[in-house]
Amino acid sequence: MTGADLTANIKKHPLGVGCGLVALACGVVLYLHSGDIALSQAENEARTAEASKMITNVRNSANLAEQVAEIQTLSKELESRLMRAGQLAVNLQYFYKLEAENEVKLVDVRQAGMNRSSKMQYVTVPFSLTVSGTFPQLVNFLNRFQAGRHFCRVNSATFNKSGGASDTGGEMSLSLNLEVLGQP
């Protein structure tokens with residue numbers, strides 16, 4: 001095929017030649033930008049993930065004001081239930097109140113020392129106490145203490161029979177080592 005034949009074919013089929021040139025140009029452009037496709041897909045996935053997070057945040061923020069108010073209320077309730085480690089008299093008064101309510105005798109109550117080096121917002125206030133009374137009274141005392149105003153953890157509880165063989169009243173003693181949630 002000579003140049004004259006090629007020119008004659010181009011003039012005879014101008015639309016086909018034009019389409020072929022456009023296809024060839026598109027192929028070259030596609031080849032040159034093929035590295036950008038992976039980058040564009042990664043960018044698209046990142047934007048999709050960000051949009052998904054935004055949609056989730058918008059959906060979860062519907063009752064945000066009510067939830068914040070509820071959390072603040074619960075936080076105030078928690079603060080009111082904490083024992084203050086430095087207020088020894090107030091802390092002991094709580095045990096004396098439980099003693100009076102449960103008709104038991106508080107034999108010994110001691111607030112143990114705490115580790116003051118920590119900078120924590122909440123600490124445990126350790127106590128050791130001995131209470132005497134009948135078994136139902138002691139169990140009631142223990143139940144009321146655990147369900148009481150302060151959060152507590154009983155580390156050990158020991159029931160002992162009080163007195164000698166002449167004791168017919170069924171008196172027992174309860175020794176407790178416990179921790180109460182509090183603030184320094």
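Bear in mind that the values in this text are calculations on the coordinates, not laboratory data. What you see is a predicted model; the values in this text were computed from it and never measured. Cβ placement follows ideal geometry from the backbone for every residue including glycine, while neighbour counts extend to all protein chains displayed.
Extension gain for the segment Arg153 to Thr130, taken as residue separation times 0.36 nm less the Cα-Cα distance, is 6.7 nm to one decimal. In this simple spin-label approximation, His33 and Asn177 carry label points 7 Å from Cα along the Cα→Cβ vector, and these lie 7.6 nm apart. Axis angle, to the nearest 10 degrees, between helix 88-102 and the longest C-alpha principal axis of the chain: 70 degrees. Overall, the anisotropy analysis places region 83-183 in the prolate class: the square-rooted eigenvalues a ≥ b ≥ c of its C-alpha gyration tensor yield a/c not less than 1.5, with a/b exceeding b/c. For Rg and Dmax of the Cα atoms in Å, computed directly from the structure shown, the correct entry in (1) 20.9, 63; (2) 18.2, 61; (3) 40.4, 137 is (3). Each of Met54, Met1 was scored by other Cβ atoms within 10 Å of its Cβ. Listed from fewest to most, they are Met1, Met54. Put a dot 7 Å past the Cα of Ala89, heading toward its Cβ, do the same for Tyr122, and the two dots end up 2.9 nm apart.
Within the listed set Ser80, Ser128, Ser40, the residue fluctuating most in the Gaussian network model of the chain (springs between alpha-carbon atoms under 10 angstrom) is Ser40. Based on the Kirkwood approach, the hydrodynamic radius assigned to region 3-62 is 15.7 Å, with every pair of different Cα atoms included.
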